[in-house]
């Protein structure tokens with residue numbers, strides 16, 4: 001499977017929140033590094049990462065562009081709430097061996113009503 005086709009299928013599985021199918025796209029010792037987070041190493045750890053993410057938030061990936069160059073595919077995406085990002089997928093022998101993603105974590109957390117580290121809740125106004 002060519003990198004572009006694999007990424008298109010990855011998006012379809014992502015939009016179904018199918019952590020198992022997503023994990024199957026990765027090589028056993030693959031690395032997924034979303035730059036707002038620490039790198040996740042290994043297929044099972046990547047599967048857990050997706051499961052945890054889908055449990056925490058409703059995520060949708062709308063494809064803007066998919067580019068392919070040799071063993072690499074680049075996904076430019078947005079979601080229905082306006083968040084945008086891009087992902088770089090290194091594909092070898094039909095499996096992802098490395099992925100790096102760029103997106104705004106603070107915007108994501110706020111959009112989904114998730115806790116923001118080190119952010120104090122708004123002060124209550126006296127009544």
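Just so you know, all these numbers are worked out from the coordinates, no wet-lab data involved. Predicted model, so just to flag it, every value in this text is computed and none were measured.
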**Report entry** the chain - mean residue ellipticity at 222 nm from DSSP helices (-39,500 (n - 2.57) per run, n ≥ 4, rounded to 500)
**Finding:** -9000 deg cm²/dmol
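Over every pair of different alpha-carbon atoms in the stretch 1-75, take the mean of 1/r and invert it; report that Kirkwood radius in Å. Please report the intermediate quantities before stating the final value.
On the way: mean 1/r = 0.0773 Å⁻¹.
After inverting the mean inverse Cα-Cα distance, the result is 12.9 Å.
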**Report entry** Global form of the chain, assessed from the alpha-carbon gyration tensor, a/c cut-off 1.5
**Finding:** prolate
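Considering only DSSP beta bridges where both residues belong to the chain, give the percentage that are antiparallel (nearest 5).
Details: 24 of 29 bridges.
Roughly 85 percent of the DSSP beta bridges within the chain come out antiparallel.
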Query raised in the report: So what's the angle, to the nearest 10 degrees on a 0 to 90 scale, between helix 3-15 and the longest Cα principal axis of the chain?
Result: 40
